[in-house]
1. Looking at the structure I just gave you, is A:Ala102 touching a residue at least 40 places away in the same chain (Cβ under 8 Å), in contact with a Leu (Cβ under 8 Å, 6 or more places away or on another chain) and closer than 27 Å to A:Pro203 by Cβ?
2. Can you tell me how many residues within the range A:167-197 are farther than 24 Å from A:Met15 by Cβ, of a type in the set (Gly, Ala, Ser) and touching a strand residue (DSSP E or B) at 6+ places or on another chain (Cβ under 6 Å)?
3. I'm checking my understanding of the structure. Among residues of the range A:167-197 that are in a helix (DSSP H, G or I) and in contact with a Leu (Cβ under 8 Å, 6 or more places away or on another chain), which one is surrounded by the fewest Cβ atoms within 10 Å (Cβ to Cβ)?
4. Between a residue in the range A:198-223 that is in a loop (DSSP other than H, G, I, E, B) and modelled with pLDDT under 90 and any residue that is surrounded by fewer than 22 Cβ atoms within 10 Å (Cβ to Cβ) and hydroxyl-bearing (Ser, Thr, Tyr), which pairs come within a Cβ distance under 8 Å, given they are 6 or more apart or on different chains?
5. Does A:Ile310 satisfy the criteria of being surrounded by fewer than 24 Cβ atoms within 10 Å (Cβ to Cβ) and modelled with pLDDT of 90 or more?
6. Based on this model, can you work out whether A:Leu349 counts as part of a helix (DSSP H, G or I), surrounded by fewer than 24 Cβ atoms within 10 Å (Cβ to Cβ) and in the same structural domain as A:Gly96 (by TED's automatic domain parsing)?
7. Filter the range A:286-318 down to residues that are free of Cβ contacts under 8 Å to residues at least 12 places away in the same chain and either part of a helix (DSSP H, G or I) or not assigned by TED's automatic domain parsing to the domain that holds A:Ser249 (or both), then give me how many there are.
8. Give the residue, chosen from B:Asp36, B:Asp18, that is in contact (Cβ under 8 Å) with a residue 24 or more places away in the chain and not aliphatic (A, V, I, L, M).
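The values are calculated or read from the model by the stated rules, or taken from the named source; none is laboratory data. Model, not experiment: these values are computed from the prediction. Positions of Cβ are generated from backbone atoms using ideal geometry, with glycine treated the same way; all protein chains shown enter the neighbour counts.
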Amino acid sequence: MKWYPYGHDFGNAEMGGVTMLLNGPMLARSVPTAFVKADVTALSSLGVDTASAHILRLQGEEISYALGELALQQAIEPWNGRGDIQRYASKFSLRGLLTIAASLIPDREFGLYVVTGLPAETYIKNTELRHTIKNALDGVHTFTLDGGKTWRTVSVEVANVVMEGAGALIAYGDKNASKTAESAVIDVGGRTTDLYVARGQVPVTDFCKGKPLGVESATQMVMDAFESKHNRPLSRLEAREIMHAYASSGTRPYPEIAAYGRTIEAYLLERLAKEAINQVGLEIVSFVAATWRQSDRGAVAASFKPALNIGGGVYYFYSVLRGRIPHLARPADPIHANAQGYCTLAARLLSRKAEPRSVTA
Amino acid sequence: MPKDTERYQYFTVGLERDSWALERFKADTKKHHMSDQPGKLIALRLTEYYELLERGALPALASVPHASESGSKGNRHKGMSTRERQPVEEEVIAVSEDAEQNADEAADYWSTL
């Protein structure tokens, strides 16, 4: 059985996974963090495409769960674990990990050497959670992704739980930076903005803070404003499509949305999105500026190198953040930045495990 | 037009049917009256691309028309175009060459906690 290094990022809006096949390029995938109980037979009989969707059933369980897009499409309130700090150690986290890993790795049976992350404040305040995560994910898991036609077996071993942000600095940090210099990460996710600063790989806790502000905050503002203006609620799926269209800068069309038989024009949808994103963007900038203020002359993060903006929020808030931090950089793949670093760390730990260092007397 | 292999090096370029890039390229050839010379326009755009890269002004590709101007199949919301936002100056970075070393250092640190 082959063992693969694996970076697991169980975000509250997107869950992502990154692995490496035989020292080849990294493979990455992320799906929305949304779970709903699924009756595969009933869905298929209704013409829902279940073959290409993510539907997982663990051996010994009777219930299948749809993950990601299908869960968003089929449920009004799919499970996403927001606000529940124990979600990182939940069966949902395991289901997400297995589903994404199995979609990246073709083997019927394989092992995963996993590194995952926790928000810095949670990591510091809740030390027990690291062990709880390991207990929840470790083990040999058998499951099906095709309604029981085939079964896959994955052995999971959690190698380490680190602080979110540390992953991005492993993948994108500069080794040549001076030992006194700090590297920084602004991780804007679906629900939260997490700040992380490290000297080398050692976190500087005073600068590591989080705040419940993210893309979903803007999405909720769009939903509220739409209902107030057009007198009908916007579904989360519709709101998500509007936000994605805005982030695409014209390459993805706005969804066709009607209220009482009248189609709402795209420029009106864009205006709603723009206003919400600007508002939340200013709040995020204010939070970063307050946490990383370095002088009374307005210097923010001036000494940090690199200063990285990661997470799905990059597509919405990077420009406003860069207005305040001119040297702010973003990775080519901001969504998987942490998981890439986790995977690189997992690979290093896996090679150490395979070749234990010689012990000298 | 016969090939001038002395002067030019020829390449075969495939653009996926119904792709976003192909739709935009078709609109581009039409706008500039070059529908009969797509190869020439590809050479022109490629030259412009490298010039922009050299000047560090890559996002300023504003003269290329949107596919929706000629009725893109991909746009489900026709006739409802939105105003194009100003391109954002970005500093995009690739995975660090030091990632392995960083991982080694991180392995030493995080394994102790």
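1. No; evaluated as a whole, the condition is false for this residue.
2. Adding up the residues that qualify gives 2.
3. Per the criteria, the residue is A:Tyr172.
4. A:Gly200/B:Tyr109; A:Gln201/B:Tyr109
5. Answer is no for this residue.
6. It is true that A:Leu349 is part of a helix (DSSP H, G or I), surrounded by fewer than 24 Cβ atoms within 10 Å (Cβ to Cβ) and in the same structural domain as A:Gly96 (by TED's automatic domain parsing).
7. Result for the range A:286-318: 2.
8. B:Asp18
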